[in-house]
Structure formats: C-alpha cells, structure tokens
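Everything below concerns the one structure shown next.
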Amino acid sequence: SIVIVGGHDRMHCRYKEICGKYGCKCKVFTQFPANFKNQIGSPDMVIVFTGTVAHKMVGVASEQAQKTGAVLKHCHSSSGSALQEALNEISEALAQSKRLFAVLSPYVQERKNKLAFAFFLCFLEQIA
C-alpha cells in the first residue's frame, strides 16, 4: 500500500488511478486531517509531494514512515507523471532486488560462498 502526502485536491482520483495501474492501493492526503498520524497506518511506501504540502505534514509522514519501515520518497512536483516516475523507480529497484536474490539465494542458503552471503546481508541492510 502507498500513502501520498500533498498534491492537489483535483488530482486525488488521478493519483489513485495511477497507483491502481501498478497494482497498489493508496491513501491520498492533500489536506492535513485531524488524526493524520493514525490515519497513515502502516504503508509500504510514503510519497511526499514537497511542493504542495505543509511542513508539519512532511514531519509526521516522515516520522511514521521511519517508525513503520516504509520507503519514503520525496517528489518536488505533484504531477501524475512525477508519481509514475516514483512508482517506476521503486518497481525497478524491487525487480533488481528480486533478480539479485534469485542469483544469490542458492549460495546464501547453503552458506558455501561467504562473500555472497556477506554481500547479501549488506544489500538487505540497504533496502531495509
């Protein structure tokens, strides 16, 4: 799931439509609701449109992303194409990590290759 913070009210449905094309559910917060911290929940990713959001919302969203281990992505533009670029970037990183895992997993599972195992552990730390 994805949480989008900021953006334009008129783009609310478009943001949801774009996320749907990537097979993601999303919550969109273009305004600062009363119970924002609790409404964010535990998403996999938080996208913050920094050009159209209150500083306080950025702080709360960043704090919640860090607390829940969500990926935090800042985008200056709040356009549909900026959202697509962010989702493409994350999709590509995920695909690369899956390919890397497929290559390293036989070595890691058997722990025969200590270098591959060490590399894999460093990689996991970076994406966590």
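The values are calculated or read from the model by the stated rules, or taken from the named source; none is laboratory data. In this text the structure is predicted, and so the values were computed from the model without any measurement. Every residue, glycine as well, gets a Cβ built from its backbone with ideal geometry; the counts of neighbours run over all protein chains shown. With ligands, DNA and RNA removed, areas are computed over all heavy atoms of the protein, side chains included. Shrake-Rupley method; radii C 1.70, N 1.55, O 1.52, S 1.80 Å.
Here SER79 meets the list (1) open to solvent by less than 60 Å² (accessible area, probe 1.4 Å); (2) at pLDDT below 85 almost entirely, failing just condition (2).
Could we say that ALA128 is in contact with a Leu (Cβ under 7 Å, 6 or more places away or on another chain), at pLDDT below 85 and either surrounded by 16 or more Cβ atoms within 10 Å (Cβ to Cβ) or not aromatic (Phe, Trp, Tyr) (or both) here? No; evaluated as a whole, the condition is false for this residue.
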